[in-house]
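Data block below; observations after.
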Amino acid sequence: MLERWVLIYWGIWKSRNEVRHGGKKRPRPVIVRNAMRLLEDYHSANVKPSQSSLNTQNIAIWKPPPPGYFKVNIDGALFAKSKQFGVGVIMHDEDGNVVATMCWKLDLPLGVLEMEAKALEIGMTFAEEVGLRDVVCEGDSQLIINVVHGTREAASSVLNIIHDVLQKA
C-alpha cells in the first residue's frame with residue numbers, strides 16, 4: 001500500500017512540474033493509472049523465479065576463453081526515438097580478469113540486426129586496437145553468430161558489415 005501512495009504522490013509531483021514547465025495538466029485518474037502501471041511493471045521486472053523454474057530455465061553462464069585466448073563480449077542497444085545505438089565491449093583474459101572495456105553511442109539509424117553486426121565490428125576493431133589477436137567473440141545475437149559461421153544467410157546490409165569484420169580477423 002505504501003508503494004502505491006508513494007507512486008501516486010510522485011505522479012502528482014511530476015504532473016505539477018510538467019505544468020510549471022509548459023506542459024498539459026493530467027487528469028487525476030490518468031495519474032493514478034500511470035502510477036499503478038509503473039508499480040506493476042516494477043513488480044513484474046523484480047519477480048524472483050521459484051526454485052523449480054530455475055531448474056528448467058536455460059541459464060547462460062559466462063565461461064572463460066580457452067588458454068592463450070581472450071574473450072570479447074559485445075552487445076548493442078538500440079535507441080529508436082533518437083535514432084542512435086550504443087555498443088558495449090568488455091574483454092577478459094583466460095583467468096577472467098578484465099583487460100579492456102569501452103562503450104560508445106553512435107548516431108546511426110540502423111535496424112536491430114545491423115546494430116548487432118556493427119557492434120561486432122566495433123568490438124573486433126577495439127580488440128585489434130588494444131593489441132589482442134587470439135580472441136573468442138561472444139554476443140547475444142544468435143543470427144549474427146550463425147552468419148559469421150556461415151550457417152545462415154542475412155540481409156545484404158548485415159552481410160556487408162560482417163564481411164568487413166571477417167576481413168579484419
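The values are calculated or read from the model by the stated rules, or taken from the named source; none is laboratory data. Since the structure is predicted, the reported quantities are computational estimates derived from the model, not experimental observations. Note that each Cβ is placed from the backbone with ideal geometry, even for glycine, and that neighbours are counted across all protein chains shown.
Conditions (1) hydroxyl-bearing (S, T, Y); (2) not in a helix (DSSP H, G or I), marked per residue:
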residue	(1), (2)
K81	no, yes
V87	no, yes
A100	no, yes
W104	no, yes
L113	no, no
E121	no, no
T125	yes, no
E129	no, no
D140	no, yes
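Count of the stretch 83-97 residues, restricted to those that are in contact (Cβ under 8 Å) with a residue 12 or more places away in the chain and surrounded by fewer than 13 Cβ atoms within 10 Å (Cβ to Cβ), is 3.
In the stretch 98-125, the residues that are more than 24 Å from P64 (Cα to Cα) form Cβ pairs under 7 Å with partners that are surrounded by fewer than 15 Cβ atoms within 10 Å (Cβ to Cβ) and among the polar types (S, T, N, Q), at six or more places apart or across chains, as follows: E114/S157. Listed by first and then second residue, the pairs with beta-carbon distance under 6 Å, at least 6 apart or on different chains, first residue in the stretch 18-44 and without any contact (Cβ under 8 Å) to a residue 40 or more places away in the chain and aliphatic (A, V, I, L, M), second exposed (fewer than 12 other Cβ atoms within 10 Å of the Cβ) and not in a helix (DSSP H, G or I), are V19/K25. Can you pull out the residues in the stretch 28-72 that are modelled with pLDDT of 85 or more, surrounded by 10 or more Cβ atoms within 10 Å (Cβ to Cβ) and not in a helix (DSSP H, G or I)? Answer for the stretch 28-72, where residues must be modelled with pLDDT of 85 or more, surrounded by 10 or more Cβ atoms within 10 Å (Cβ to Cβ) and not in a helix (DSSP H, G or I): K63, P64, P65, P66, Y69, F70, K71, V72.
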